[in-house]
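Student: Following this message is one structure expressed as structure tokens.
Readers should treat all values here as calculations from the given coordinates under stated rules, not as data from a laboratory. Since we're looking at a predicted model, the values are computed, not measured. Reconstructed Cβ throughout: ideal geometry from the backbone, glycine too, with neighbour counts over all protein chains shown.
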């Protein structure tokens, strides 16, 4: 009876329209990613203003090295744990007990995915506690209380668990209902979901973790408004986010799409000078001008189609089905295979995604300096991310490969130096720059910390 239902469903499938739609979306994602504004070549900078003192570099190394190790271990666990449920006898027994007798259904598949996601998160949790509570607390970056940190972690994790369970169950339903065309249908539907998420993110998700409101009148708003007017974006809403409730780090971002698009500056950023705030927003305005969020939505279609086609071959493999005791590609036991494949796919795809992101960020840097004509101000503000927030100016190659979504501080400074030389604009010397940073250096550089070890600010 089951085979008859599946064969009827297969005969009634309309593959070609969905395949054409998915292919068109995937090609559009490639086109808008490859043919996009780029940072124009301006030569090579002198490298003088990208130098940091030994005291800065040693402090950055002391802060960053434990985080690098934790990041690699967490990434490894994020791949190994889902694989255990597919590749080990113990894991397959757990999946079999969770999926129940027979093939299971959508609910059983959701439960399998939910449990694997929970186990993976709990395995990584001690590392997150060390970095987020202990290490950042010791270095004075954490401002959230320990109970508050755990609440935020649980809120994020629960949302992720629910999303994974629902999406995996929906995927296996699609595999059962449309065995030939499901990768194309998932590409079209998934791209629409990504677009909807980007539109709704400032209204639904962001308020949970970064409450925002309109930026009040004052020098900071005046500086931001001046930048937006120069970029013909005076109507773009300016919001300030309560980032200081979690961290002392500075940042700004463009979020939302269409009617929800807005500039959000961290309230910590307001600790910088108005001119510095303005050039940070100029970088974010460049993302708005370059339509980087819509480009990202389009590129998600490319990733979805490529992943869907690979996953279809994997789910259809008799060897894979036999290994996990599944009777069909849409068996609830295959939820474990889906999660393991997605984890491996993310690991393989992250370096490519980071490369795309670095190109976009470099283009935004170039547009920001063209918009403001203030290479010295942009350069000194870029250095703030190292002397204030202890960003590594030259991270190890592996860290760049796995996590480097932006050009390094050194690369950004080198470009600004070259841009200034190309346009015959004088820059201050290194001594002047370092003197100006005196009030913005992280306390640890000078031998002190703003809070007691392991504690958050009251």
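Student: Using Cα pairs closer than 8 Å and at least 6 residues apart in sequence, work out the relative contact order for the chain, in percent.
Tutor: Across the chain, relative contact order equals 29 percent.
Student: Do you know the relative contact order of the range 1-120, to the nearest whole percent, from alpha carbon pairs under 8 angstrom that are 6+ apart?
Tutor: 15
Student: Mind jotting down the distance between the C-alpha centroids of the range 136-197 and the range 46-88, whole Å?
Tutor: 24
Student: Another question about this same structure. Only residues of the range 174-209 count here: report those whose backbone N is under 12 Å from the spot 7 Å along Cα→Cβ of residue 162, or say none.
Tutor: Output list for this probe position: 205.
Student: Rounded, prolate or oblate, given the Cα gyration tensor of the range 308-384, with a/c below 1.5 counting as rounded?
Tutor: Since a/c reaches 1.5 and a/b is larger than b/c, the shape of the range 308-384 is classed as prolate.
Student: Could you work out the Rg to Rh ratio of the range 13-140, with Rh taken as the Kirkwood radius (inverse of the mean 1/r over all Cα pairs)?
Tutor: Here the Rg-to-Rh quotient is 1.17.
Student: In deg cm²/dmol, rounded to 500, what helix-only [θ] at 222 nm does the chain give when every DSSP H run of at least 4 residues adds -39500 (n - 2.57) and the total is split over its residues?
Tutor: Taken over the chain, the calculation gives -22000 deg cm²/dmol.
Student: What translational D, rounded to a whole number of µm²/s, comes out for the range 212-287 from Stokes-Einstein when the hydrodynamic radius is the Kirkwood one over Cα pairs, at 20 °C and 1.002 mPa s?
Tutor: Answer, rounded: 176 µm²/s.
Student: Now for a different question. Rounded to a whole number of µm²/s, how large is the Stokes-Einstein D of the range 315-458 at 10 °C and 1.306 mPa s, given Rh as the Kirkwood radius over C-alpha pairs?
Tutor: In µm²/s, the coefficient rounds to 83.
Student: Determine the relative contact order of the range 212-287: mean sequence separation of Cα pairs under 8 Å and six or more apart, normalised by residue count, in whole percent.
Tutor: Value for the range 212-287: 35 percent.
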